[in-house]
Amino acid sequence: MKQLIRKLLREITNNNEQIYLYHGTSKGAANNIKKDGYIKTNNVGEIKPSISFTNDIDYAKYYAMSKGGKDRMVILRTILTDDFELSNRIKNNKGDEYITFENIPVNKLEIKTKYGWIPLTKWDVIFDELITENTLYNDVFKFKNDLYINDLKKELSKYETSEQLLRSGGLSIELLDRLAHGFSEEDIKTLKPKELKLKWLADLENVVYEIEKSGLSPKEWAKKINLSEPIDVSFLKIKNKKPGFYIEDGHHRYMAAKILNKELPINLEIKINPIVTISPDLTYDEFHRKIFDTFSN
């Protein structure tokens, strides 16, 4: 019967990939799962202690929100195996609730993150960030996170030596920016007004004057502004301030989007040297030689 169910599910999803089941919970509970090393079975009304999953991610999300609220909800997933069976508690159960009477090891669980599905063992549940696996290189390379290590290895695999890498022009700027900042110029096409910064408050004085002069309410004025044209934004570091997205041009559109609480399309330019961010003590050539020696296979 269980094999028949999985076959039907594959036909419904029209692929032969592995089928996942989902489990909604809270950050605190997920953190305890990591500490314990597995999800423990509990008395939930079945014939013996069990764990409940569902093939409906929206249902898992609903359950997670009831457990942890919007800010502390967590969705886990695992592969459907013969350890699972449909719960008899639900009439005409077509996958709404699966149960298992076995503890599920943490290495068989993944967590839904802003980056996609990540192995639970590699994710810091409390701080919502990837756990650095290789502490040996952290003293030399200060990557924003480890998500692009595989991309780095793939790019390095094109070269036989570090000198060949240097002669080719070095690592691509897109990869360097992603390693340093977590994104490249091509990765971010829109931003919310609250994510944007002003170099000078005076930049908005003319905008405020025009709103007052128009005789319109701020909302009426904002609705007349064309928000389809991207504004120019620089990611840069200003003295005594953290790096941020600063408006270069498009203050009228920024103010209108802020009033209407809408996202803005942007043209992004990154003005922070990624190599200096990653390895401030290394020269350009030293950086490429060191990163080749560390990460090339």
Revision key, fill the gap. If each part is reduced to its alpha-carbon centroid, the range 203-242 and the range 41-85 end up apart, in Å, by 46
Review point. Counting pairs of alpha carbon atoms under 8 Å apart in space and at least six apart in sequence, what relative contact order in percent does the range 188-267 give?
Key: 46
Check your understanding: Given charges of +1 on the Cβ of Lys and Arg and -1 on the Cβ of Asp and Glu, with all other atoms neutral, how large is the dipole of the chain about its Cα centre, in debye to the nearest 20?
Key -> 1020
Exercise for review: Return the long-range amide H neighbours of Phe235 (sequence gap of 5 or more, or a different chain), with a cut-off of under 5 Å between placed amide H atoms.
Suggested key: Tyr246, Glu269, Ile270, Lys271
Exercise for review: Would you mind working out the magnitude of the charge dipole of the range 16-100 relative to its Cα centre, with +1 at each Lys and Arg C-beta and -1 at each Asp and Glu C-beta, to the nearest 20 Debye?
Suggested key: 460
Review point. Which label marks the calculated value of mean projected area of the Cα convex hull in nm², given the options (1) 18.0; (2) 22.0; (3) 15.1?
Key: (2)
Point to revise | Value of relative contact order over the chain, rounded to a whole percent, pairs C-alpha under 8 Å and six or more apart | key: 14
Review point. Hey, got a sec? Which trypsin sites (Lys or Arg not before Pro) in the range 248-293 land in a DSSP loop and have at most 14 other Cβ atoms within 10 Å?
Key: Lys262, Lys271
Study note, to complete from the structure: Counting only residues 5 or more apart in sequence or on a different chain, those whose built amide H sits under 5 Å from that of Gly95 are none
Check your understanding: Scanning the chain for chymotrypsin sites (Phe, Trp or Tyr not before Pro) in DSSP loops with at most 13 other Cβ atoms within 10 Å, what's the longest stretch left with none?
Key -> 1-114
Exercise for review: Can you check what the net charge comes to around Asn206, using other residues whose Cβ is under 12 Å from the Cβ of Asn206 (Lys, Arg +1; Asp, Glu -1)?
Suggested key: -3
**Study point:** Proximal lysines to Lys48, defined as alpha-carbon separation beneath 16 angstrom and excluding residues fewer than eight positions away on the same chain
**Key:** Lys40
**Study point:** 3J(HN,Hα) from dihedral phi, the range 90-106, Karplus parametrisation 6.51/-1.76/1.60, rounded to Hz, x for glycine, proline
**Key:** 10, 6, 6, 5, 10, x, 4, 9, 9, 10, 9, 9, 10, 4, 10, x, 4
Check your understanding: Can you work out ³J(HN,Hα) from phi for every residue in the range 190-195, in order, using Karplus 6.51 cos²θ - 1.76 cosθ + 1.60 and θ = phi - 60°, giving whole Hz and x for Gly and Pro?
Key -> 9, 9, 7, x, 5, 8
Check your understanding: So what's the back-of-envelope 222 nm ellipticity for the chain, counting only DSSP H runs of four-plus at -39500 (n - 2.57) apiece and dividing by all residues, rounded to 500?
Key -> -10000 deg cm²/dmol
Revision key, fill the gap. For the range 2-129, averaging the sequence separation of alpha carbon pairs under 8 Å that lie six or more residues apart and dividing by its residue count, the contact order in percent is 29
**Study point:** the range 134-297 - charge dipole about Cα centre, Lys and Arg +1 at Cβ, Asp and Glu -1, debye rounded to 20
**Key:** 640
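Values quoted throughout were computed directly from the atomic coordinates according to the rules given, and no laboratory measurement underlies them. Quick caveat: nothing in here was measured; it's all calculated off a predicted structure. Heads up, the Cβs are rebuilt from the backbone with ideal geometry, glycines too, and the neighbour counts pull from every protein chain shown.
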